[in-house]
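The values are calculated or read from the model by the stated rules, or taken from the named source; none is laboratory data. Bear in mind that the values here come from a model prediction, so they are computed numbers and not experimental data. Cβ placement follows ideal geometry from the backbone for every residue including glycine, while neighbour counts extend to all protein chains displayed. Ligands, DNA and RNA are excluded from the accessible area calculation, which covers all protein heavy atoms including side chains. Shrake-Rupley method; radii C 1.70, N 1.55, O 1.52, S 1.80 Å.
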Amino acid sequence: MNPVVGVAAFAAVTLATAVIGFYGLRISRTTGDFYVASRTVRPWWNASAIGGEYLSAASFLGVAGLILLSGTDALWYPVGYTAGYLMLLLFVAAPLRRSGAYTIPDFTEARLESRAVRRVTSLVVVMVGWLYIVPQLHGAALAIRITTGLPAWVGQVAVIAVVCVTVMAGGMRSITFVQAFQYWLKLTALAVPLLFLLLVLAGTGTPAVAEAPVNPTRLPPAGPYQNISLLVALLFGTLGLPHVLVRFYTNPDGQSARRTTLIVLGLLSVFYLFPTAYGLIGRVFAPGAAGAGQADALVLLLPGRMIGGLAGDLLSALVVAGAFAAFLSTTSGLVVSLAGVISQDILGGSVRGFRLAALFSAVVPLGIAATTDSTALAGSVGLVFAFTASTICPVLLLGIWWRGLTDAGAIAGMLTGALACGGSMLAGAVLGAAGTPSWLAQPAAWTVPAAFAVMVLVSRATRDRVPRSITRLMTRLHTPERPLVTER
């Protein structure tokens, strides 16, 4: 790909993001605007924004790369990412919106009447956010290196710089417009080049770049345990993602939150058709990308390899723009959610505190990303989902649906899940992919049940600590704000 075209694509997305972000700044004046857009975001806007922030580097680049490497085993990723939203619709979206909290720690403190629970939840939320931002920066480093030849750190710094400007300028109100735009840009950036790729295949049959092997890595298929554990991580992890959950606080009411989730399910289902198609095309016609260690760059490379010329460069530029939008939108959502937690707990909850917290939330993962590397974007994000499913998800589900949860049980369960899943992730990093047993490489199948079990057992042992206001709060969580009126 022509490096000038790649740089131009990055610059165009940056400019568009800045313009839209500063438009949001014009109407971001209150603290509520910065934290939850004053709870006025309508379902279609909110659904597009959720799609923008949820469809990260792992979705845009990583899914196609994993399909190239692992074939049908990797299809669990788009299935799990999308199905997790169905669980979100059924169990979390509306009650969480009715809680009236700004952040997840706000909810756990209100539900369990405990500052200690709030502090532990805040720590876990920040850990999850940082773990999730790092793969976005790895993706930006890969994209900038492959498409422009510039040093990898340029992509990482560019993402953090743009995110800091838009988030610190207008907060949630600002990035809502940005992320909604970025969802449709990402969808277009995958759909249009894919259409041309299919036309090439239909018109010429097997292109010149086709190679014989259809299993480029000859990796053995994943066993039942790996698939089940991955699905557990993706389904339950979606329920605890802080940057997604905070979006439901921006809806006017619980009914809007449910409708938003339904629309998101449709948007995600459409989107994941495209990276899946890229992965299948690459597995058959460009398996060499796997052998060259460029699996995660498959979406970026296919238009240039299979079409070439000026048309290939222009289509590649569109894909690059979509990839950069993916890094920006997910990182923006994470930084907003982390800034809300940190500013509320440490900096007083003011707009100035929010801005300082946003800067801190973005700079720390930049330092981590600069000293680490990732060879499988979707795989690394899958581990973040496992961590989230083992920590935040249990306290949300039990807090919403079980009256018997206590502060001691919540803390014990979150710490159990964090230590078990975090320890597995560290062990896997030390042992390497080849030497890590499957129960450590995919820990969710045992860490999630362990966290739930500890939370329930400790709560039963401390049932005298159930808040006295539990009946009033549970009624609030499960009573619709707008009851249906029946005609007589």
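Across the range 188-193, in residue order, what do the Karplus-derived ³J(HN,Hα) couplings come to in whole Hz, using 6.51 cos²θ - 1.76 cosθ + 1.60 with θ = phi - 60° and x for Gly and Pro?
5, 5, 8, 6, 5, x
Need one word for the range 314-400: rounded, prolate or oblate. Basis is the Cα gyration tensor (sqrt eigenvalues a ≥ b ≥ c); a/c below 1.5 gives rounded, then a/b vs b/c decides. Let's see the in-between values first.
Details: a/c = 1.96, a/b = 1.30, b/c = 1.51.
Judged from the Cα gyration tensor, the range 314-400 comes out oblate (a/c at least 1.5, b/c at or above a/b).
Round to the nearest 0.05 the FRET efficiency obtained for Asp253 and Arg403 when R0 = 35 Å and r is the Cβ-Cβ distance.
Working: r = 24 Å, r/R0 = 0.68.
Computed FRET efficiency for Asp253 and Arg403 comes out at 0.90.
Work out from phi, with θ = phi - 60° and the Karplus expression 6.51 cos²θ - 1.76 cosθ + 1.60, the ³J(HN,Hα) of each residue of the range 391-406, listed in order in whole Hz, and give x for Gly and Pro.
For the range 391-406, the Karplus-derived couplings read 10, 6, 4, x, 5, 6, 4, 5, x, 7, 10, 10, 5, x, 5, 10 Hz, x marking Gly and Pro.
Quote the accessible area belonging to Trp401 in square angstrom, nearest 10, computed with a 1.4 Å probe and with ligands, DNA and RNA left uncounted.
About 130 Å², ignoring ligands and nucleic acids.
Gain in length, Arg468 to Leu359, computed as 0.36 nm per residue apart minus the alpha-carbon separation, to one decimal in nm?
Values: separation 109, 0.36 × 109 = 39.24 nm, distance 3.90 nm.
Extra length from Arg468 to Leu359 when fully extended: 35.3 nm.
Going toward the positive end of the dipole of the chain, with +1 on Lys and Arg Cβ and -1 on Asp and Glu Cβ, which of Val456, Val192, Pro78 do you reach last?
Farthest towards the positive end: Val456.
Please sort 44-51, 116-123 by packing, taking for each peptide the average over its residues of neighbouring beta carbons within 10 angstrom, highest first. Numbers along the way, then the final one.
Numbers: 44-51: 23.6, 116-123: 20.9.
Top to bottom by mean Cβ count within 10 Å: 44-51, 116-123.
Calculate the FRET efficiency for Leu195 and Arg115 from the Cβ-Cβ distance with a Förster distance of 56 Å, rounded to the nearest 0.05.
Values: r = 55 Å, r/R0 = 0.98.
Once the sixth-power term is evaluated, E becomes 0.55.
Need the full-extension length gain, Asn2 to Ile368, defined as separation in residues times 0.36 nm minus the C-alpha distance. One decimal, nm.
Extending this stretch completely gives an extra 128.7 nm.
Taking the mean number of other Cβ atoms within 10 Å as a proxy for protection, how do you rank 457-467, 228-238, 334-344, 305-315 from highest to lowest?
Values: 457-467: 14.9, 228-238: 23.9, 334-344: 27.5, 305-315: 17.3.
Peptide ranking by packing, descending: 334-344, 228-238, 305-315, 457-467.
So what is the 222 nm mean residue ellipticity for the chain from helices alone, if each DSSP H run of at least 4 adds -39500 (n - 2.57) and you divide by all residues, rounding to the nearest 500 deg cm²/dmol?
On the way: 22 runs with 371 residues, N = 488.
Using -39500 (n - 2.57) per qualifying helix, the result is -25500 deg cm²/dmol.
Once the Cα atoms of helix 309-345 and of the chain are each reduced to a long axis, what angle between those two axes, in degrees from 0 to 90 to the nearest 10, is obtained?
Taking the Cα atoms of the chain, the angle to 309-345 is about 20 degrees.
Between Leu150 and Ala311, with labels modelled 7 Å along Cα→Cβ, what's the label distance in nm to one decimal, could you check?
Result for the modelled spin labels: 2.9 nm.
Step through the residues of the range 70-78 one at a time and calculate ³J(HN,Hα) from phi using the Karplus curve (6.51 cos²θ - 1.76 cosθ + 1.60, θ = phi - 60°), rounding each to whole Hz and writing x for Gly and Pro.
10, x, 5, 4, 6, 5, 5, 5, x
Want the number for Ala12 to Leu262: 0.36 nm per residue separation, take away the alpha-carbon distance, what's left? Kindly include the intermediate steps, with their values, before the conclusion.
Numbers: separation 250, 0.36 × 250 = 90.00 nm, distance 3.16 nm.
Going from the current span to full extension adds 86.8 nm.
How many nm separate the modelled label positions at Thr479 and Ile228, each set 7 Å beyond the Cα in the direction of the Cβ?
Modelled inter-label distance: 4.2 nm.
Could you let me know the centre-to-centre spacing of the range 285-339 and the range 50-114, using Cα atoms, in angstrom?
22
Mind checking the dipole of the chain: about its Cα centre, +1 per Lys or Arg Cβ, -1 per Asp or Glu Cβ, Debye to the nearest 20?
Working: 30 positive and 16 negative charges, 285 e Å.
Dipole about the Cα centre, nearest 20: 1360 debye.
How far apart, in nanometres, would the label points at Leu426 and Leu86 be if each is projected 7 angstrom from Cα along the Cα-to-Cβ direction?
3.7
What is the distance in Å between the Cα centroid of the range 367-444 and that of the range 453-479?
Value for the Cα centre distance between the two parts: 24 Å.
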